[in-house]
Every structure is written in structure tokens, then in C-alpha cells.
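Q: Sending over a structure as C-alpha cells; questions will come in a sec.
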Amino acid sequence: MKRIYFVGAASVLFSTGPLLAGGVERSGQFLGPLFEDGNYVELSFAHVSPGVKGLDRSLGPAPGGASTGNVLESYNDWGLAYKQQLNKQWSVAVMFDQPFGADVLYASSSVNLGGTSANISSQNVTGIVRYEIPNSSFGVHGGLRVSRADGNVTLGGVAFDSISGYHLSTDRDMAYGWLAGASWERPEIGARVALTYNSAVEHEFQAVEAGPLVDFDGPGSAPALPLLDGTSMLKVSTPKSWNLEFQTGVSKNTLIFGSVRWADWSSFRIDPVRLWQVTGGGLVDLDDTITYTLGVGHRFSDRWSGAVSFSFEEAGSKEVSPLAPTNGYKSVGLAAIYTQGKMRITTGITYVSIGNAWPSIGTPATVLADLDDSHAWGVGVKIGFNF
């Protein structure tokens, strides 16, 4: 049984569906190209269009009911992978992806959060070495990851009171991480299980903060001071994670596949120095996530294959950060794969139903808006070539 159509089908579904874990995850860091037969190269592109909007809650003198607008903006994502089979046991791969990102903007119509925004981007290049243990079905793999990231955040609206207008921007930082894992394969039945650990990547940005003057004693004798203004170093760690990928044939032309991904989002903190000194809090506070995917692929002919997959991430507390305004999701993805000689073209579409969320700040939490009936669409194409 050939396994290549699984890789083309499943990986495009993973990449076109916005995983939305922690509100800022865009790629599951899966290693499908590493397990391709022989030498292999692929290029992928995806467009994701979220629809996440709702209404303000009443907040003190501010009446509720104002529209938040579409909080998450559409984005494009692309990836590149190259795998070289050195000999029967050894192979190497280089992969480029954009695992984390955010494009958040609350419309000016929102009284509570109007003008609040976040733009975060990251690009990873990962080099991987794999060794297949002779006379066994097992292999091990490991590698190094180079990550480049930057971002900026603005807080706006009456919810932020005297610090409304605060802005944070960072330079572009490059940092390093690693990965390691093991796999088991039975190619004759299309079976494979792979477990991979991805380390955290700790960035250290030069951060510039700016905001309105802060007057601690109100209209008293002490003047308002620029306490939010300054430059400092900001440490931010992307989450460590575990990826379990699996597949197995159930008949000559059909197999099932899936994955389980755990990510340590509780360690992802953005705590700028000046903001922390003035307010005693940071910008985000997220929960760990576990994301499940299960699908089935079928080969209809030598040229055409297809797949369907379902993904699930359990919803947590509805009280979420305004900068990560999602709360679990369910998704379904469809893919069609056309094979011509050594080339394979995969197209996919994914629909995501996003859990209801309440953007909130403070402890105890003050709910600022209701985001209901949220969803997202993702479409993508992947071109792979074996040689």
C-alpha cells in the first residue's frame, strides 16, 4: 500500500485549517515531508478568513450593544519543505513554516475595546536528521529550529481607562530551539506512528512602550507622569509541545490518519516592563491546549485520491484575553489529490466552528464583549514532487 497520498491529503488539511490553539497558532509543526519516499520537495499556500465578531457588554456608564467588528483579520500562510534520502538509513529535511501569528483589531464602533489591536508574526526554519534503525521498524529524528518573530500591540477603548492608547512594539528577534522524536513504520500496510517533542523558543526583544500620562492621585498636586514610556528587554517564550501523528491502512486503497497535539500555552506570557509596573499585569494569560484530529483517506484511481478530516479542541473558560479571542473549536476539512507521474497537487478546504468567547480583563475578570457564532474558512493548495 502506498503511503504518499496520505501525506498529501492530511498535511494540507492541517495547514489550511487555522488551528487557533491559544488564539495565535497557525501551524501544528507536523513533519509529514520527513517521511516521504526518496527525495521530495513541496510548496504550500493557504488563505484563512475568520469571522469572529460580537457586541459590547455594558461597562459602567458605557452602554452595551456596540459592534466589535470582525476581530480577527484574514491572513495568508505559506510553507516550503525539502527532504533528501542520503542512504537507506539516513535522511535529512529542511522545512519552513509560520507557526504563530495574530492579526487582531477591534473596530472603532466598539466603545469598550475600539482600537485594541495585535499583530504578531513568526517564521521558522527547521533542519531535521532522521535515522532508520536497521532490521527494525523504528526510527529516530531530531533537529534544530531557527525562529524569527516580531510584534506590536495597542490597547484602546474605555475598558482600559487611563491606559487607553498604550502601544508596544518590538524589534525582530532571532532565537533557537530543538526537536526530537521517534517513529514506528510498517509501509506494507501503510502504518506509521511518530512522536515529536518541540522545545520552547525563548525570544528576547527590544521593546518600546508608549502611552498616556499616568496620574496616580487624580487631580491632585502630583503631576501626571510618562510612566508607560520607555525601552526595555522583553522575554517571550513560544510554547513547548508534543505532536503524535499516526496512520494505518484499513483496506487496499483506504487508510485512517490523525494526530494529537499538546501545547504549553500557559508559559506564553507577554509582560512588558512599564505596563507591568503601572498595572501589575501583562497582555495575555492563556491555558494549555490539546488538539485532536482524525480522518480517512481513499484512493479512487491512480491519479485521484481524497480525504476528509475532523478536528476538535475542547473549549475552556469563556473569559479570554481580548488579544486571543477564541475558545476551542471544531472543524471539518476536505481534500482532493491529483497525481501525475512524480508530481502531486493537493487542494483543500476547511470549515471551523469556533467556541463562544468573552473578551475580559482583570482579576476577577470583567467581561467586555460577547463573541458568538464565530467561524473561519481555510483554503489551500500544495504541490509536491518526488525525485
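Q: Each residue of region 291-303 in turn: what ³J(HN,Hα) in whole Hz from Karplus with 6.51, -1.76, 1.60 and θ = phi - 60°, glycine and Pro shown as x?
A: The phi angles translate into 10, 10, 9, 9, x, 9, x, 9, 9, 8, 7, 5, 9 Hz.
Q: Using only DSSP helix segments of four residues or longer, with each worth -39500 (n - 2.57), what per-residue ellipticity at 222 nm results for the chain after dividing by its residue count and rounding to 500?
A: Computed mean residue ellipticity for the chain: -1500 deg cm²/dmol.
Q: So what's the gap between the Cα centers of region 310-378 and region 149-174, to the nearest angstrom?
A: So the two Cα centres are separated by 24 Å.
Q: Starting from the 7 Å offset along Cα-to-Cβ, what nm value, one decimal, do you get for the label separation of TRP184 and ASP215?
A: Placing both labels 7 Å along Cα→Cβ, they lie 6.9 nm apart.
Q: Using a Cα distance threshold of under 26 Å, what count of lysine pairs results for region 233-387 when pairs must be 8 or more residues apart or interchain?
A: So the count works out to 7.
Q: Counting only protein heavy atoms and using a 1.4 Å probe, what share of the accessible area of the chain belongs to carbon plus sulfur, as a whole percent?
A: 61
Q: Of the labelled options (1) 22.8, 83; (2) 31.9, 134; (3) 21.5, 66, which one gives Rg and Dmax of the Cα atoms in Å as computed for this structure?
A: For Rg and Dmax of the Cα atoms in Å, the calculated option is (1).
Q: Please give the solvent-accessible surface of GLU319 in Å², to the nearest 10, using a probe radius of 1.4 Å with every protein chain present.
A: 90
Q: Tell me whether region 256-385 comes out rounded, prolate or oblate; compute the Cα gyration tensor, take square roots of the eigenvalues as a ≥ b ≥ c, and use a/c under 1.5 as the rounded threshold.
A: Verdict is prolate for region 256-385.
Q: Next question, about the same structure. Heavy-atom accessible area per residue, region 291-387, 1.4 Å probe: how many Å²?
A: 47
Q: How would you rank 361-373, 143-155, highest first, on the average number of other Cβ atoms within 10 Å across their residues?
A: The peptides rank, most packed first, as 143-155, 361-373.
Q: Taking the chain as the reference, fit the longest principal axis to its C-alpha atoms, fit the long axis of helix 4-16 to the helix C-alpha atoms, and give the angle between the two in degrees, 0 to 90, nearest 10.
A: Helix 4-16 sits at roughly 10 degrees to that axis.
Q: Here is a follow-up. Hey, can you rank 222-232, 305-315 by average C-beta count inside 10 Å, highest first?
A: Per-residue Cβ counts within 10 Å, averaged per peptide and sorted highest first, yield 305-315, 222-232.
The values are calculated or read from the model by the stated rules, or taken from the named source; none is laboratory data. For clarity, every value in this text was computed on a predicted model and none was experimentally measured. No Cβ is skipped: glycine too gets one built from the backbone with ideal geometry, and neighbour counts run over all protein chains shown. Areas reflect the complete protein model, heavy atoms only, side chains present, ligands, DNA and RNA absent. Shrake-Rupley method; radii C 1.70, N 1.55, O 1.52, S 1.80 Å.
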